[in-house]
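See below for the structure under consideration.
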Amino acid sequence: MAEQDPRFTYAVNNTQVVRPPRQMLATFGTTVIRYYLVTEPVYLDLDVAREVKESVVREGTVSAEKPRVVTPYYLSRLEGFGDNARNYLGELVQEHGPNAPGLLYAYKNEAMETSFVSGEAWEVAAKIGQRLDNENKRLAAVILGVDELWDVSLLKFIYDMTRSSVEVNAAELYASGLLETEGGVPREARQRIQLLLEEARRGNMDPSAVKRELERWDLFDEYQDQFFSLFRRRKYP
């Protein structure tokens, strides 16, 4: 196993969520969180004397899609995994079975603005947090991170946010019966497939994306009539 980059470890250990969001990730919808990532400028490491302390504030949004119910078998069919990841998925299959349900979270980061603000980083972060509290911004967070590896600090925040939400998300999915399986496939996945088919019928999705999802679940034969109906419904000049 490759040795962990010490800079990565340093960034993770020196990331602090000063003001977390006031609610967890939604189970049945998309969650958009505004973040303020405050860091000490990297130039301070160069022993450059400054009379006025400055901090860097990076603003952006993290969009968390509705958590998807997946299985080790499904994950093994996704593209982009290397040999080590596939070996790990093989271990999951042996330990829990190919159809054991789990949750998959997908995120999108959109950076919005970077600015320099007078004051120590911790002081700036505290002031932003207080303002968000006063404005009752429930889906906003303030993160104290490391300038050179600010993206690692953001990932640490995303990981912690996911970990704090997964138990509630799983409980709500279980209560709705969406973690139960039908033919080895979670009900939530079958529900998602029907939504994908409907979007394709409306012309809002490429049918090839539907086909890939069916193949990942090994369900193409079962849904092939509905899939081919997508083309029969279309009229070409």
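The values are calculated or read from the model by the stated rules, or taken from the named source; none is laboratory data. What you see is a predicted model; the values in this text were computed from it and never measured. No Cβ is skipped: glycine too gets one built from the backbone with ideal geometry, and neighbour counts run over all protein chains shown.
Summary of values
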{"item": "Selected residue [in contact with a helix residue (DSSP H, G or I) (Cβ under 9 Å, 6 or more places away or on another chain) and at negative phi] from A100, A121", "result": "A100"}
{"item": "Members of the stretch 69-114 that are loosely packed, with under 11 Cβ neighbours inside 10 Å and in a loop (DSSP other than H, G, I, E, B)", "result": "E79, G80, G82"}
{"item": "Single unsatisfied condition, T162 versus (1) farther than 30 Å from N13 by Cα; (2) touching a residue at least 40 places away in the same chain (Cβ under 8 Å); (3) hydroxyl-bearing (S, T, Y); (4) in contact with a Leu (Cβ under 8 Å, 6 or more places away or on another chain)", "result": "(1)"}
{"item": "Residue in the stretch 170-178 that is without any contact (Cβ under 8 Å) to a residue 60 or more places away in the chain and touching a Leu at 6+ places or on another chain (Cβ under 9 Å) present", "result": "no"}
{"item": "From R187, R163, residue being more than 22 Å from E213 (Cβ to Cβ) and either surrounded by fewer than 17 Cβ atoms within 10 Å (Cβ to Cβ) or of a type in the set (K, R) (or both)", "result": "R163"}
{"item": "Hits in the stretch 25-56 (condition: modelled with pLDDT under 85 and surrounded by fewer than 13 Cβ atoms within 10 Å (Cβ to Cβ))", "result": "Y43, D45, L46, D47, V48, A49, R50, E51, V52"}
{"item": "The one condition in (1) modelled with pLDDT of 90 or more; (2) in contact with a Gly (Cβ under 7 Å, 6 or more places away or on another chain); (3) among the charged types (D, E, K, R) that R22 fails to fulfil", "result": "(2)"}
{"item": "Which numbered condition R77 misses (of (1) at pLDDT below 90; (2) of a type in the set (D, E, K, R); (3) touching a helix residue (DSSP H, G or I) at 6+ places or on another chain (Cβ under 8 Å); (4) assigned by TED's automatic domain parsing to the domain that holds V166)", "result": "(4)"}
{"item": "Qualifying residue in the stretch 117-132 (condition: within 25 Å of the chain's Cα centre (by Cα), within 30 Å of N169 (Cα to Cα) and at pLDDT below 95)", "result": "no"}
{"item": "Among (1) more than 30 Å from I128 (Cα to Cα); (2) in contact with a strand residue (DSSP E or B) (Cβ under 7 Å, 6 or more places away or on another chain); (3) of a type in the set (S, T, N, Q) - the single one Q194 does not satisfy", "result": "(2)"}
{"item": "Residues within the stretch 192-228 that are over 25 Å from L173 (Cβ atoms) and touching a residue at least 24 places away in the same chain (Cβ under 8 Å), tallied", "result": "3"}
{"item": "Test result for F157, in contact (Cβ under 8 Å) with a residue 24 or more places away in the chain and farther than 30 Å from L37 by Cα", "result": "no"}
